[in-house]
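K.L.:
Please read through the structure below; I'll follow up with questions.
Every read-out reported here was derived from the displayed coordinates using simple, explicitly stated rules and does not represent laboratory data. Just so we're clear, the structure is a prediction, and the values are computed from it rather than from any experiment. Cβ coordinates were reconstructed from backbone atoms using ideal geometry, including for glycine residues, and neighbour counts include every protein chain displayed.
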Amino acid sequence: MMMASVKPVLEVRELAVTFPNGNGGLQAIENISFSVAPKEFLCVLGPSGCGKSTLLRVLAGLVPPTEGQVIFAPQRGSASLPRVGLVFQQANLMPWRTVLANITLPLELENADPLEARRRAEALIDLVGLQGFENSWPRDLSGGMAQRVALARALIQEPDLLLLDEPFGSLDALTREQMGAELLRIWQARCNTVIMVTHSIAEALLLSDRVLVFTPRPARVCLDLRVDLPRPRHEDMRYTPRFGELARCLRQAIG
């Protein structure tokens, strides 16, 4: 939970993003400000097309802001840039690389020691529950297994900030529920700072410390809700009175 005395790992100040379209521009985000504490799990909810994914791409450095600032607290020394991991809705695995080779790819690009890269990958394979599939090809994996590989690939860089863009959106309902529980377990083990885009109110409440609700495009923050459900959390919490109260609050904010 974020405390007043804790320095944020990330601050977003008056952020705006407009994409040129030859007709005055398409504004995706308008005047968004928020901060994230170290090891906090933040979910972002809002209508489809409102700018949630655009926000993650700005934070990942893939899209430049039109206005405003994104400020990262110094990590691993005052001069170092933050490490940011990004997991998309589709796993985007390289089909010619095995599970192990897909996970080690970021470290290979950094010219890391191959033995150290393999050691870290094997530890993550255990963490995400893919033991025995190290030498499997992406074509032989289920959707949930492929997303586990994508998550491990993002975690191997030990990111200061992990961005998840609707990572379970393409999965069936049962697999999505299982993957949500797995993500919660992994986050509790690793304690990364996480920002996750989701369309699921229940998913946001089960996973996060806070939920930001965006308005329809251009996105603005219409609700910043602290999730005061106790941890560790489990699926049965969906049926508690407090869960229902928080869900109604989010649903009303989304409109």
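K.L.:
Just to confirm the number: angle between the C-alpha axis of helix 99-109 and the first principal axis of the chain, 0 to 90 degrees, nearest 10?
P.N.:
The angle comes out at about 70 degrees.
K.L.:
Before rounding to the nearest 500, sum -39500 (n - 2.57) across all DSSP H runs of length at least 4 in the chain and divide by the residue total; then give [θ] at 222 nm in deg cm²/dmol. List each step's numbers first, then the result.
P.N.:
Numbers: 7 runs with 85 residues, N = 255.
That comes out to -10500 deg cm²/dmol.
K.L.:
A further question follows. Among (1) 17.6, 57; (2) 21.4, 70; (3) 18.4, 54, find the value of Rg and Dmax of the Cα atoms in Å that was calculated from the structure presented, and write down its label.
P.N.:
Evaluating Rg and Dmax of the Cα atoms in Å on these atoms matches (3).
K.L.:
Magnitude of the Cβ-charge dipole of region 1-61, K/R +1 and D/E -1, about the Cα centre, nearest 20 debye? Mind showing how you got there, number by number?
P.N.:
Working: 5 positive and 4 negative charges, 32 e Å.
The dipole magnitude comes to about 160 debye.
K.L.:
Stretch His199-Glu110 to full length: gain in nm at 0.36 nm per residue minus the Cα-Cα span? It would help to have the intermediate numbers written out before the result.
P.N.:
On the way: separation 89, 0.36 × 89 = 32.04 nm, distance 3.42 nm.
Full extension from His199 to Glu110 adds 28.6 nm.
K.L.:
Can you give the extra length, in nm with one decimal, that the chain gains between Lys7 and Arg190 once fully stretched, where that is 0.36 nm per residue apart less the Cα-Cα distance? If you can, show how the numbers build up before the last one.
P.N.:
Numbers: separation 183, 0.36 × 183 = 65.88 nm, distance 1.97 nm.
Residue separation times 0.36 nm, minus the Cα-Cα distance, leaves 63.9 nm.
K.L.:
Just for the chain, what percent of DSSP beta bridges are antiparallel, to the closest 5?
P.N.:
Numbers: 17 of 35 bridges.
Looking only at bridges with both residues in the chain, the antiparallel portion is about 50 percent.
K.L.:
OK, next. For the charge dipole of region 80-223, defined by +1 on Lys and Arg C-beta atoms and -1 on Asp and Glu C-beta atoms about the Cα centroid, which residue among Leu124, Gln147, Thr104 has the Cα displaced farthest towards the positive pole?
P.N.:
Gln147
K.L.:
Report, in degrees rounded to the nearest 10, the 0 to 90 angle that the Cα long axis of helix 114-127 makes with the longest principal axis of the chain.
P.N.:
60
K.L.:
A further question on this structure: Which trypsin sites (Lys or Arg not before Pro) from region 30-135 combine a DSSP loop assignment with at most 12 other Cβ atoms within 10 Å? All intermediate terms of the calculation are to be shown ahead of the outcome.
P.N.:
Details: sites: Lys39, Lys52, Arg57, Arg76, Arg83, Arg97, Arg118, Arg119, Arg120; in loops: Lys39, Arg76, Arg83, Arg97.
Sparse-neighbourhood loop trypsin sites (Lys or Arg not before Pro): Arg76.
K.L.:
Fewest Cβ neighbours within 10 Å first, please rank Ile156, Ile29 accordingly. Write down the numbers at each step before the final one.
P.N.:
Values: Ile156 20, Ile29 26.
Going from least to most buried by this count: Ile156, Ile29.
K.L.:
Could you list Met179, Met94, Met237, Met196 so that the one with the fewest beta carbons within 10 Å of its beta carbon is first and the one with the most is last? Don't skip to the end; give the middle numbers.
P.N.:
On the way: Met179 20, Met94 12, Met237 15, Met196 26.
Ranked by crowding around the Cβ, least crowded first: Met94, Met237, Met179, Met196.
K.L.:
Using amide H atoms built in the peptide plane, which far-off residues or other-chain residues are under 5 Å from Ala28 H to H?
P.N.:
Val17, Thr18, Phe19
K.L.:
Cut-off is 10 Å between beta-carbons; in what order do Asp160, Asp236 appear when sorted fewest neighbours first?
P.N.:
The order, fewest Cβ neighbours first, is Asp236, Asp160.
K.L.:
Helix 241-254 sits at what angle to the longest principal axis of the chain, using alpha carbons and giving 0 to 90 degrees rounded to 10?
P.N.:
70
K.L.:
With a Förster radius of 25 Å, plug the Cβ-Cβ distance of Thr240 and Ala173 into 1/(1 + (r/R0)^6) and report the FRET value to the nearest 0.05. Walk me through the numbers before you get to the answer.
P.N.:
Working: r = 21 Å, r/R0 = 0.83.
For R0 = 25 Å, the calculated efficiency reads 0.75.
K.L.:
If you don't mind, another one. Give me the number: length gained by fully extending Ala123 to Arg248, i.e. 0.36 nm times residue separation minus the C-alpha to C-alpha distance, one decimal in nm.
P.N.:
On the way: separation 125, 0.36 × 125 = 45.00 nm, distance 3.97 nm.
Working it through step by step, the gained length comes to 41.0 nm.
K.L.:
Given +1 on the Cβ of Lys and Arg, -1 on the Cβ of Asp and Glu, and no further charges, what dipole in debye does region 1-144 carry about its Cα centre, rounded to the nearest 20? Each step should come with its number before you reach the end.
P.N.:
Numbers: 12 positive and 13 negative charges, 15 e Å.
Here region 1-144 has a charge dipole of around 80 debye.
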